[in-house]
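*Asks:* Take a look at the following structure, please.
The values are calculated or read from the model by the stated rules, or taken from the named source; none is laboratory data. From a predicted model like this one, the values you see are computed outputs, not experimental measurements. Every residue, glycine among them, receives a Cβ derived from its backbone with ideal geometry; neighbour counts consider all protein chains shown. These accessible areas exclude ligands, DNA and RNA; they are computed on the full protein's heavy atoms, side chains included. Shrake-Rupley method; radii C 1.70, N 1.55, O 1.52, S 1.80 Å.
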Amino acid sequence: MGSGRVGTRCWAWRLTARLLLVACLLLPGAAAARSVELMPGVGTLALGPQVRYHHDPAGDEDADAVWNRVEHDALAPLPDGNGAFGFQSGAFWFHVRVVNHDPAETRWLLVQEYPLSDRVDVHVRRADGHAVTHAGGDHRPFTARSIRYRHPNFALDLPAGVPVDVLVRVESQSSMQVPLQLYTPSAFTEVSRDAQFAIGLYYGILLALFFYNLVLWLWLRDASYFWYLCHITAFGLVLFTLNGLGFEYLWPESPWLADHMVPISICLALIAMLQFSRTFLELPRRWPAGNRLLQALIAFFVLLGIASVWLPLRISTPLASRAVLIGVVGIVVATVVVLRRGYTPAKLLLLAWSAFLIGTAVFTLLAFGVLPKAFLTEYGVQIGSALEMLLLSIALGHRYAALRNENQRIVAETNQRLERKVAQRTQEVRSALLQLEEAHMRLRDSSRRDGLTGLYNRAWFQEAFALLSEQARIAGTPLALMMIDLDHFKAINDRHGHFAGDDCLRWAAHRIGRTLRPHDALLARFGGEEFVAAIPGEDPEGAAEIADTIRRALSQEPCPSGDLRIRVTASIGVHVMAPPHGERIETAFAVADRALYAAKASGRDCVEVAS
């Protein structure tokens, strides 16, 4: 009996404690927030109308302090149930009480339908004292999410008939948008499937346009198609980031990229848009002032994109978002001006940028909290950009057709002018060919002459000597070959300088040429201080006599060089090719060269005839 009474009193005490806790939660201060009633058959519910919030500008309040505010009814309702506050500092706290009346659905999913929030902390507390804390946001690993999905989501256990208080803390340098939704697992699967289908359809359109215009660019090599491809790629990256798909698929472990790719990708998209417009509208030719305007905007976005690597996100993202409107307005102004000047392809471009401007303006106003979050405001930029890219692709085709027609007209007019000028041009070409042939002959002769002495060079001599040797063989006459080398020429250069040496070479070439002129000889500068000569019809005695005449012509008088008088002597080797000229030309040169070295060995200033 005693133990039974004790057990009864303990059970009564626990029941009383629970009733008191429920009563505390239902005090006027705590009950001021309306409860969200989850009735059977409800699969999804927007929490905005029942959510109350508190702004912590410093971001230093903890959950206990805010729970205390909840108990004292110190939280305010959302303005018109709208959870978009624009770019704000600090942290925002959101509270809602949920009562589940469906015993068949106790597992629910809380989704924060904005993918760019940095930190999202969810504190769940039940009347029986059970408390759970979840953490999410793109500053935490993507694997921390309850379900692998682009929006932060948190699994909640909502027992039937038990009031559950949910406190959400959101802190972000991005736009403060907190559209909270509750889903059953089946409802979330259906909604996420539809959303993924819509996003997939959008990116499918982008990919189709990308590859279609890539083929056109590879075929036409038109710069407009290249910048259009850059625009599609960069803007696709912008939306991939804004939709949370970048954090899901590209950089799930990089909070830095999740934050900074927003302003950086926006800058890349605007650079490509502006450059495409410059090229498409032919601004350097059609409106130079507008071209300078767009170039200045391009420079601004380049600098902003670089600065976004270091700037805080609360500065770079709002600045890039506002600058988008400025860039698009600049493009629209340039398009209107060029259109008024008669450039018809600009009509489609103006329509495309107008659609994009409307979609971008809606998205920007949503980011700054001016417009509420709805389907058209959330996906306005996708709708506007899809229309814009379709229209731009059509505009490129229209522009290409116009350019092709213009080219055909120009080609026809050019052909007519060419036909009238054919006779005149033909005569001019013939005259020019004759002049060219004469110039070529002069150039050919110049290329075979030594620039210092004016004599022919070694290459010419070898060709001419081969012909002369063949003629002597046919005629059965001898052919004398002389190698002439100026003695101690290096000493002349070292003692009197290279200019004096050059004077000696010219003087020697003149003396040798004058001596050989009566003999119908070939004469060339062989290289350095060496000369070579070929004399037809001379036997060894006659060739030796001519060689000695050359030697005496050089040694009898000094060479004048300015105020100097320089004595110049020469050693000469002679070889006579007797009929029938069976030896090779290379052999003849070698024999004459040996005779020359024999003359040098005999004391120089002499003639040696090869045996």
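*Asks:* Going by a ≥ b ≥ c, the root eigenvalues of the Cα gyration tensor, does segment 115-154 fall in the rounded group (a/c under 1.5), the prolate group (a/b larger than b/c) or the oblate group?
*Replies:* Prolate, since a/c reaches 1.5 and a/b exceeds b/c.
*Asks:* Roughly what % of Cα-Cα distances in the chain sit above 48 Å, to the whole percent?
*Replies:* Values: 98992 of 186355 pairs.
Of all Cα-Cα pairs in the chain, 53 percent lie more than 48 Å apart.
*Asks:* Let me ask you something else. Can you spot the aspartates and glutamates whose alpha carbon is less than 19 Å from residue 600's alpha carbon? Ignore those fewer than 8 places along the same chain.
*Replies:* Correct list for residue 600: 485, 487, 529, 530, 545, 548, 608.
*Asks:* What distance in nm lies between label points placed 7 Å from Cα along the C-beta direction at residue 437 and residue 409?
*Replies:* According to this spin-label approximation, the distance is 4.5 nm.
*Asks:* Here's another thing I want to ask about it. Taking loop as defined by DSSP and a crowding limit of 14 other beta carbons within 10 Å, which GluC sites (Glu not before Pro) in segment 519-611 fit?
*Replies:* Here the sparse-neighbourhood loop sites are 583.
*Asks:* Please provide three numbers in whole Å: the alpha-carbon extents of segment 42-172 along the principal axes, with the largest listed first.
*Replies:* 41, 37, 28
*Asks:* Based on the alpha-carbon gyration tensor of segment 297-339 and its eigenvalue square roots a ≥ b ≥ c, which shape applies: rounded if a/c is under 1.5, prolate if not and a/b is larger than b/c, or oblate? Walk me through the intermediate numbers first.
*Replies:* Numbers: a/c = 6.59, a/b = 2.39, b/c = 2.76.
It comes out oblate by the Cα gyration axes.
*Asks:* Give a residue-ordered list of calculated ³J(HN,Hα) values for segment 227-242 (Karplus: 6.51 cos²θ - 1.76 cosθ + 1.60, θ = phi - 60°; whole Hz; x for Gly, Pro).
*Replies:* With the stated coefficients, segment 227-242 comes to 6, 5, 4, 4, 5, 4, 4, 5, 6, x, 5, 4, 6, 4, 6, 5 Hz.
*Asks:* So what is the 222 nm mean residue ellipticity for the chain from helices alone, if each DSSP H run of at least 4 adds -39500 (n - 2.57) and you divide by all residues, rounding to the nearest 500 deg cm²/dmol?
*Replies:* Result for the chain: -19500 deg cm²/dmol, rounded to the nearest 500.
*Asks:* If you don't mind, there's one more thing I want to ask. Could you do me a favour and compute the accessible area per residue for segment 37-117, 1.4 Å probe, result in Å²?
*Replies:* Values: 3400 Å² over 81 residues.
Accessible area per residue: 42 Å².
*Asks:* Can you tell me, using C-alpha contacts under 8 Å and at least 6 residues apart, the relative contact order of the chain as a whole percent?
*Replies:* Normalised by residue count, the contact order of the chain is 9 percent.
*Asks:* If each residue of separation counts as 0.36 nm, what is the full-extension length gain between residue 565 and residue 449 once their alpha-carbon separation is subtracted?
*Replies:* 39.0 nm
*Asks:* What trypsin sites (Lys or Arg not before Pro) does segment 581-611 have in DSSP loop regions with at most 11 other beta carbons within 10 Å?
*Replies:* Working: sites: 584, 594, 600, 604; in loops: 584, 604.
Taking segment 581-611 and a limit of 11 other Cβ atoms within 10 Å, the loop trypsin sites (Lys or Arg not before Pro) found are 584.
*Asks:* What is the percent carbon and sulfur in the accessible area of the chain, measuring with a 1.4 Å probe over the protein chains and ignoring ligands?
*Replies:* Carbon and sulfur together cover 60 percent of it.
*Asks:* Here's something else I'd like to know. Enumerate by residue number the GluC sites (Glu not before Pro) in segment 235-292 meeting two conditions: DSSP loop (anything except H, G, I, E, B), and at most 10 other Cβ atoms within 10 Å of the site's Cβ. Spell out each step's value before the answer.
*Replies:* Details: sites: 248, 253, 282; in loops: 253, 282.
Answer in residue order: 253.
*Asks:* Here's another thing I want to ask about it. Tabulate in residue order the Karplus-calculated ³J(HN,Hα) for segment 301-310, using 6.51 cos²θ - 1.76 cosθ + 1.60 with θ = phi - 60°, rounded to whole Hz; enter x for Gly and Pro.
*Replies:* 5, 4, 5, 5, x, 5, 5, 5, 5, 10
*Asks:* Separate question: Just check segment 165-206 against the gyration tensor rule for me: Cα atoms, a ≥ b ≥ c as the square roots of the eigenvalues, rounded for a/c under 1.5, and otherwise prolate or oblate depending on whether a/b exceeds b/c.
*Replies:* The shape class here is oblate.
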